[in-house]
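Peer 1: First, the structure itself, so that you have it in front of you.
Each reported figure results from applying straightforward, stated rules to the coordinates on display, with no laboratory input. All values derive from a computational prediction rather than experimental measurement. Backbone-built Cβ (ideal geometry, glycine too); neighbour counts: all protein chains shown.
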Amino acid sequence: MKINKYIYSWLLLLTLVLSSCSDDFLSMTPDSEYNSDDFFETEEQFQQAVNGVYQSLRNTVNESGYLMGEMRSDNTHYDYYAPDRGIHVVRRENIDDFLDDSQNQWTNDYFNNSYVGISRANTILERIEGAAFDQSAKDPIIGETKFLRAYYYFNLVRYFGGVPLYLKETIKQEDAFLPRSSVDEVYDVVISDLKEAIEKLPAPVFPQSGRATKGAASMMLAEVYMTRKDFAAAEPLLRSITTMGYSLLSKYDDVFLPANKNSKESIFEIQFMQGNQGQESMFTYWFIPKSTDVSLLTGIKTNTVNSGGFNVPTDDMMADYEAGDSRKDASVGVAEGIIGSDGSFTIQAVKSSDGYTTPAGKIAKFYIKKYLHTHSRERNTDDNWPIYRYSDALLSLAECLNENGKAGEALEYINQVRKRAGAELPPVTVTGKEALAEAIAHERRVELAFENHRWHDLVRTGKAIEVMNAHGIEMKQQYNYISKNAYNLTENRLIFPIPYLELQLNNQLTQNPGYN
């Protein structure tokens, strides 16, 4: 298996010592003096190893996370460019169109990068109890590691179904080939890891460092319970988060400013830092329009013809914003221009999406701008990726309260979020369970747009097949390049295929139904 190359101890150690990182930014710095016999001994070395587990998070975001969490939903699409039919482009489009298969490099990379993080976590957990330093120093390290392993497995089980459960450091080759565990077995591990993480992690302290806290572990466990329809178990966890010092920032667009990383609204975010350290983000370059010159957007003359134009907000997404909602302009921009004779797009102006109408003779392209901020180098940005924000906790609590028969109390939390979004937005007043559920789903869509929540929300609430098949009909009517067999979403397509190469190298694995 491809993941086997990551779960052998000696290669893991080499990866860690060549790519360890600092506390402040979880940065990776070389340290080639240690070997497998003497590295895992001190508190500092274990903390360095934990940083390596955090590092794998970046790889799940920069390349493929948005394809699976956002483009799979009705929130975003892609800008079709006929001259470029390269496999790296087509396979991204296939994910959006529900035409992906087991050889799709982007979903496969997500699978493998998750196991990199799991492998690193397992080595820490296997070795830390034998290390000669205080248990009081070990506990936060164990807590962070359990949180991160739970994060990787939670996403794996949501995206791929039951997966192999590697829970120990793998040293012998025969231990590297495991069959798939059931979905329930994977969730049992995720829940167990998160419960221990909650016990061992500190409460958040502001300003935050970017490391996992009791709040982050509580939020993830609540989402796990909500995914499992156990709203009674999720409710007290979410209530506890409201007592930990988190709060909404006064303006929605301030949340995403690099200057406000790890703010009081942040529960957990993946850390990036521009520069030469190899820690930069670049996902915003996937999201801006395809053009030979995007300097009006980035401040840097860059050609994005072969890389931009993904995660494009759909008309359906844009229509879901209400008049007076500040989140629309904060999240989405408009590039206005013309199409040349060769099919390329020339950007002539950048406009606000709020109230925008396309002038005669111009072409307008929506793009995600909540992650587009000042930077000085091409594809080297400073933006973090939000995983959990306090507004997510408030809306999740509202959902749990509604499900638990406390609709009146739920209104307080959904309206906290709406009030921040715009003074013109009327408060939600409906208390019928179904009507309030729809209001919460709408609020989650616009509040958490382009943060990889929409697809999971649709699956979790049982709406994915209905919503996406209806969306597919509209998309095929709107775009003649979409294949007739696209958007044929069935129960099988609610998860992605196990990578083809894994099946070839591990004969104990089986493919998900509906995939070759």
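Peer 1: Mind listing the Cα extents of the range 77-117 along all three principal axes, in Å, largest one first?
Peer 2: That works out to 37, 17, 17 Å along the principal axes.
Peer 1: Give me a comma-separated list of calculated 3J(HN,Hα) values for the range 477-486, in order, Karplus coefficients 6.51, -1.76, 1.60 applied at θ = phi - 60°, integers in Hz, x for any Gly or Pro.
Peer 2: Once rounded to whole Hz, the list reads 5, 7, 10, 7, 8, 6, 4, 4, 8, 6.
Peer 1: I've got another one for you. Relative to the longest principal axis of the C-alpha atoms of the chain, give the angle of the C-alpha long axis of helix 390-403, reported between 0 and 90° and rounded to the nearest 10°.
Peer 2: 90 degrees
Peer 1: Continuing with this model, one more query. What whole-number volume per residue, in cubic angstrom, does the convex hull of the C-alpha atoms of the chain give?
Peer 2: 141 Å³
Peer 1: Still on this structure: Would you mind checking the range 82-117 for residues with the amide N under 15 Å from a putative spin-label position 7 Å along Cα→C-beta of Tyr481?
Peer 2: Label zone hits: 82-97.
Peer 1: By how many degrees, 0 to 90 and rounded to 10, does the Cα axis of helix 183-200 deviate from the longest principal axis of the chain?
Peer 2: Taking the Cα atoms of the chain, the angle to 183-200 is about 70 degrees.
Peer 1: Oh, and also: Any chance you could get the radius of gyration and Dmax over the Cα atoms of the range 284-381, in Å?
Peer 2: 13.1, 39
Peer 1: How large is the convex hull of the C-alpha atoms of the range 59-175 per residue, in Å³?
Peer 2: In the range 59-175, the Cα convex hull volume per residue is 132 Å³.
Peer 1: Turning to a different aspect of this structure: Using a Förster radius of 22 Å, what is the FRET efficiency between Gln173 and Gln504 based on their Cβ-Cβ separation? Nearest 0.05, please.
Peer 2: 0.85
Peer 1: Binning at 10 angstrom from zero up to the longest distance, how are the C-alpha pair distances of the range 380-514 distributed in percent?
Peer 2: P(r) over the range 380-514, rounded to whole percents: 10, 28, 28, 24, 8, 2.
Peer 1: Between Ala232 and Ala323, what FRET efficiency follows from the Cβ-Cβ distance if R0 is 51 Å, with the result rounded to 0.05?
Peer 2: About 0.85, to the nearest 0.05.
Peer 1: Write down the Kirkwood hydrodynamic radius of the range 146-277, to one decimal in angstroms, obtained as one divided by the mean of 1/r over all alpha carbon pairs.
Peer 2: 16.5 Å
Peer 1: Report, to the nearest 10°, how far helix 135-160 tilts away from the longest principal axis of the Cα atoms in the chain, using its own Cα long axis and a range of 0 to 90°.
Peer 2: That works out to roughly 50 degrees.
Peer 1: In whole Å, what is the distance between the alpha-carbon centres of the range 471-508 and the range 66-82?
Peer 2: So the separation of the two Cα centres works out to 13 Å.
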